[in-house]
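*Asks:* One structure coming up, written as structure tokens, with questions to follow.
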Amino acid sequence: MLNMQVTDIGSREDGKIWHRKLASAKYGVLATVIRNASGRQTKTVRFLQVAFDTTGESFLAGDHHGNIYVFDISRNRFKLVQKTGQACTALAFNLRRTTEYLVALADYSIKCFDKDTRQLVSWMRGHEGAVSSLSIHSSGSYAISTSSDTAQLWNLDTFQRKRKLNVRQSVGIQKVFFLPHSNSILSCFSDDSIFAWESDTLFCKYQLPVPQDGPRIHYRTYAVTQDGKTLAAAGRSNLVHLWCLDSRQLLRVIQMPPKVKTVRYLDFLVDSFDGGSNQTLGILSQDGVMRFINIQSCKQLFEIGSHEDAITSASICPKGHHIVAVMDSGALKIYDVRSLTPEISKPPQPLLKQVTRGNINVGLCSKMKVHTGAGQRPVKTSGRRISSKVLHPAVSTLDDKENDLPNGLNKKRLQALLRSFGEYPAKYRMFIWRSLLHLPENHAAFSSLTDKGLHSAYMCLQERYPIKSHKLQRGLQRVLSALAHWAAVFGETDYLPLLAFPFVKLFQNNPLICFEVVATVIVNWCQHWFEYFPNPPLNVLSLAENVLAHHDKELLQHFVACGVTSQLYVWPLLETLFSEVLMREEWLKLFDNVFSNHPSFLLMAVVAYVTCCRAPLLLCTDKKDFEYFFHHRNSLDIGAMLKETYRLMDSTPPDVHPSSALSDFEPLTQGQYPIFNKYPTFIVEYQSQERERIRQQEVEYLRERQEVQQLHAEAVRQQAEFEAWYKQQELLLQGEEQRRRILQEEESKLAQQRARLAAMKRELKVKELNLIDSARRRFLKHQQDQRRIQLKRLDDEIQRKMALRDQETAATVQDIEVRQMELDAQRQLFEQQLAKEQERVSQEVRAEVDTRRRRAELDDCTFQNLIQTDEDISQKSKKMLEESLAEVGQMEVDADWQAEVIKRLKKAEQRQEKQRERLVNLSKQTCAKEDEIVQLMLEVEGKQWDDVVAKQAELEEERRAAATVNAQRRSLISQETEETEQHHGKLQKSLEDSLNRQKEKRFRSPRSSRGLLHKPQSETTNISLNTQSDDCFSLDRGRGELDSKERELMQEIRELRTKLAARARATDFISPSTSSIHSH
């Protein structure tokens, strides 16, 4: 016999893992654990998941029935810690609260249980797919659950979800887990991308580069060393990649033997002396063999599993002492690593090396031939065989068959134990009950009932029976719905929640067992209850009343005298199964005895309860007191009541004993539950139809009420909207009024500001005008002062230099000539500038005319606007010309004033030389000629303006005539200009001739002109000439007339030039065609 043990835990809740401690585990296997559903080994329950705790001495294991076991290797004990009712997909211990563990279930939820108290600590939901892995942070405060579509971060202190990682459907999540002893999270995706995140801030720290060289591996499994520096990744290939997480580079590629096609699982084997940098890597391939290699030397150290007994998953303890493997057969194998091989550590080798077999244990090197349920066995054996220790029931005789129970129990022995102690051990009570009731555990049948959903009769169960615990409420609702789907009468039974509630509370973690217990109680201990449905079972109540009449007639007569029937003192106890009148421990003791005896024991217990309480009952006379008594707890010795029940069972005659009317115990059938039709079907169907009709009416009423409520809510909403709208309109009006008031205030302020600004502008303008006026007056006064000073200086010079008058007169004449020449030059220059300006203006006008010819299609309004704009421009040009002419005129005035002094001296000399009459005549002739010239110019101008007006009216019809008139006008203007120049030349020449003659006469005249001029006597600066002759005339009057005529002549010339220029511009703007002809 090999040194290996097989342990079948069966239905046991605790026990030993192995029955004899081995000195050394040959081939490394300490024990093989299996679980058969029954003693006959007809069905093997497969183990699915395993997970070690931090000590490495105990581990969790879950099977596909939802049972969670804790195996303590150091103490050689196993214990059933939870029954979840559904298969688990992942397990993990809480690293901080060591008694708590997490279980991921097939319904995509995660539950946290306490292994000591077996209580549910928390229930976490949020995944939409099966949870494939659970990772716990080294601090024990956080956990990460991973499914194919999402990963969620949980806070284990509050059991609240902190963050959620979602990915695209095209890229699935392989695994998300914490790095050991760090705050980093690794997320691995199906496209071989690996990201590292900061667990506190969830900031992405780095991403490992996806290998581009060689075939794609398709990572599916990952493992990290204890120091968190090396990551191993493998998948659909025989290559294993080793990544250095510090340098984020591919450290090494390990190639497995050719028979390895796919790697299913990776994990590092911890060594106490490697400082966390684990050197041994376990690789589970598709052939079910897990090979352990040294990642430095790439030597295979040992392997576990074989092709015949393949490994589906494994877990290595954190200390590196044990390995637990889940076999393909569903068994667990516990390996002792220290008996497999010593640790080998070699220097690192090149990046890519092929795995070769090294020195392996002799037993492992030999060819293995493994059978299901047994350990590894070499081909060459010593003839000893493996003995599997499985609990077989003892061989019973024919007489004791009816007392034999499943799991090797005997009913008579249990009854003897019960008689001795009064109850079963609390630790084994549920196990004994399940054995006594022969529960079939029909998972498929129960699933078919629960898949039908909640029964309509129990949709509003919480309204009739409010329960504080939502979990208990849902469990009760689920069990009652399953019973109603099993038999229609249970959907109409009002007292069924009261009957089932104590069992639901007792089996709240296992709804299948709860349902089968309640169904078994109904089938056996509730016989004939539903024959008078919906009335209470009068036949059953009469049985209890007959027993009471036989044993206590006085109490029965008291009940009759008080009008209390069996429906008042028997039925309340039966419909609640004593749950209202007994405490939990008392109720458990009672049903330890009920389940261990004939179904009639329950009726005897009712009679025993009544007879044990006969003293207070005899004192009651009011019917309400009896009702209160049988619905509330009373002071009662449960042991005395049970003894009385057994006495009644033994002392009641057969004709009165309820066992004569009740059949023996019949368990539920295997596979499918029996048909339950022991009730008046027509009544149940009628009630069911009525209930359905009432339910439909309620649904219709609720629908109508909901519609009314919706209409009312809609009306209220609309009313609220209207009120809100009106209120909003009022607010808008108020706001508009306020804005208007503000705008008015702002406008008034703005008007005031504008008024103040206008006043300030007026003040500034007045000040400016005053300044200009004062400056002008000051300038005029300055000029007058200067002139007075100059005149005074001249008079002084005349009086002082009379002796030198001849020389001064000659010099003055020369100066006058020079100045006259300068004046003529300035006039010519001005005329040239004026001609150039006129030419430039005409060119601009021609360019504008060309532009306007292209825009001839525009309407009259645009034309008039352009005319107005051109007139404005002409006015500006005219103003500028007038300013320039005024400046030139001022200069001429200054020059004329200086010339006037000389002329006055000349005229004085001429008058002294008796040529006054000739000058007067010449002046008259000159004035006459000037008047004739002016009159002629005025006539020509009037004619021209008349022509312009006529031409404007007949512009389109008389273009050629307008051009001819324009040419004539220009010729007339040129003639007038020439005549004017000739006139000026004649005037200048006459002046020169007169001056020459006056000089000659002065030179010839012996008279002296000294003393002829005197100082001015008034502000008009007039000079009077004193002569002795009677026929002399005033010199001042002659000078004034000459000055005024000169000024008038110059003014008329300026006005004539201005009018000619304005007329030329107006003609060009008004008649573009005429101007075009004129330009040619």
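*Asks:* Could you run through the range 415-437 and say how many residues are over 20 Å from residue 525 (Cα atoms) and among the charged types (D, E, K, R)?
*Replies:* 2
*Asks:* Can you work out which of the residues in the range 799-810 that are part of a helix (DSSP H, G or I) and at pLDDT 80 or above is most open to solvent (accessible area, probe 1.4 Å)?
*Replies:* 800
*Asks:* When both residues are 6+ apart or on different chains and their Cβ atoms are under 7 Å apart, which pairs have a first residue that lies in the range 419-439 and is more than 21 Å from residue 669 (Cβ to Cβ), and a second that is modelled with pLDDT of 85 or more and among the polar types (S, T, N, Q)?
*Replies:* Pairs that qualify, where the first residue is more than 21 Å from residue 669 (Cβ to Cβ) and the partner is modelled with pLDDT of 85 or more and among the polar types (S, T, N, Q): there are none.
*Asks:* Which of the residues that make up the range 537-581 are within 22 Å of residue 661 (Cα to Cα), part of a loop (DSSP other than H, G, I, E, B) and open to solvent by 30 Å² or more (accessible area, probe 1.4 Å)?
*Replies:* 565
*Asks:* For the range 178-203, how many residues meet the condition of being among the small types (Gly, Ala, Ser), in contact with a His (Cβ under 9 Å, 6 or more places away or on another chain) and open to solvent by 30 Å² or more (accessible area, probe 1.4 Å)?
*Replies:* Matching residues across the range 178-203 total 0.
Yes/no per residue for (1) surrounded by fewer than 20 Cβ atoms within 10 Å (Cβ to Cβ); (2) modelled with pLDDT of 85 or more; (3) of a type in the set (A, V, I, L, M); (4) within 20 Å of residue 48 (Cα to Cα):
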| residue | (1), (2), (3), (4) |
| --- | --- |
| 295 | no, yes, yes, no |
| 305 | no, yes, no, yes |
| 336 | yes, yes, no, no |
| 342 | yes, no, no, no |
| 348 | yes, no, no, no |
| 359 | yes, no, no, no |
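*Asks:* Next question. Between a first residue in the range 323-338 that is free of Cβ contacts under 8 Å to residues at least 60 places away in the same chain and a second residue that is part of a loop (DSSP other than H, G, I, E, B) and not acidic (Asp, Glu), which pairs have beta carbons less than 6 Å apart while being 6 or more apart in sequence or on different chains?
*Replies:* 328/310
*Asks:* Is the range 479-486 home to any residue that is touching a residue at least 60 places away in the same chain (Cβ under 8 Å) and closer than 28 Å to residue 670 by Cα?
*Replies:* Yes, there is a match, as at least one residue in the range 479-486 is touching a residue at least 60 places away in the same chain (Cβ under 8 Å) and closer than 28 Å to residue 670 by Cα.
*Asks:* For the range 120-211, give me every one of the strands (runs of 3 or more DSSP E) that falls completely inside it and has 2 or more residues that are at negative phi and basic (Lys, Arg).
*Replies:* By residue number, 160-166.
*Asks:* Step by step: first the residues of the range 64-98, then only those that are assigned to a loop (DSSP other than H, G, I, E, B) and hydrophobic (A, V, I, L, M, F, W, C), then the one that is surrounded by the fewest Cβ atoms within 10 Å (Cβ to Cβ). Which residue is that?
*Replies:* Ranking the candidates gives 95 first.
*Asks:* Looking at 174, 152, 160, which is the one that is within 24 Å of the chain's Cα centre (by Cα), modelled with pLDDT of 85 or more and under 17 Å from residue 197 (Cα atoms)?
*Replies:* 152
Listed here are the residues, each with its yes/no results for (1) modelled with pLDDT of 90 or more; (2) farther than 19 Å from residue 588 by Cβ; (3) out of contact with any Cys (no Cβ under 9 Å at 6 or more places or on another chain).
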{"position": "470", "(1), (2), (3)": "no, yes, yes"}
{"position": "475", "(1), (2), (3)": "no, no, no"}
{"position": "480", "(1), (2), (3)": "yes, yes, yes"}
{"position": "488", "(1), (2), (3)": "no, yes, yes"}
{"position": "493", "(1), (2), (3)": "no, yes, yes"}
{"position": "506", "(1), (2), (3)": "no, no, no"}
{"position": "515", "(1), (2), (3)": "yes, yes, yes"}
{"position": "530", "(1), (2), (3)": "no, yes, yes"}
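*Asks:* Condition test on residue 111, is it free of Cβ contacts under 8 Å to residues at least 60 places away in the same chain and in contact with an Asp or Glu (Cβ under 9 Å, 6 or more places away or on another chain)?
*Replies:* Taking the combined requirement at face value, the residue does not satisfy it.
*Asks:* Something else now. What is the residue count in the range 420-467 for residues that are farther than 29 Å from residue 79 by Cα and in a helix (DSSP H, G or I)?
*Replies:* 10
*Asks:* Specify which of the listed residues (271, 287, 267) is in a loop (DSSP other than H, G, I, E, B) and open to solvent by 30 Å² or more (accessible area, probe 1.4 Å).
*Replies:* On inspection, the qualifying residue turns out to be 271.
*Asks:* Scan the range 785-798 and tell me whether some residue there is in contact (Cβ under 8 Å) with a residue 40 or more places away in the chain and open to solvent by 90 Å² or more (accessible area, probe 1.4 Å).
*Replies:* yes
Conditions (1) β-branched (Val, Ile, Thr); (2) under 60 Å from the mean Cα position of the chain (by Cα); (3) modelled with pLDDT under 70, marked per residue:
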{"position": "879", "(1), (2), (3)": "no, no, yes"}
{"position": "884", "(1), (2), (3)": "no, no, yes"}
{"position": "890", "(1), (2), (3)": "no, no, no"}
{"position": "893", "(1), (2), (3)": "yes, no, no"}
{"position": "910", "(1), (2), (3)": "no, no, no"}
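*Asks:* Now for a separate question. Look through 832, 820, 838, 753 and report the one residue that is within 24 Å of residue 897 (Cα to Cα) and either open to solvent by 50 Å² or more (accessible area, probe 1.4 Å) or not small (Gly, Ala, Ser) (or both).
*Replies:* 820
*Asks:* Only residues that are within 21 Å of residue 609 (Cβ to Cβ) and open to solvent by less than 40 Å² (accessible area, probe 1.4 Å): list them for the range 654-680, please.
*Replies:* Matches in the range 654-680: 656, 657, 658, 662.
The values are calculated or read from the model by the stated rules, or taken from the named source; none is laboratory data. Fair warning: this is a prediction, and the values are worked out from it, not measured in the lab. We place every Cβ from the backbone using ideal geometry, glycine too, and count neighbours over all the protein chains shown. What goes into the accessible areas is simple: the full protein's heavy atoms, side chains included, and nothing from ligands, DNA or RNA. Shrake-Rupley method; radii C 1.70, N 1.55, O 1.52, S 1.80 Å.
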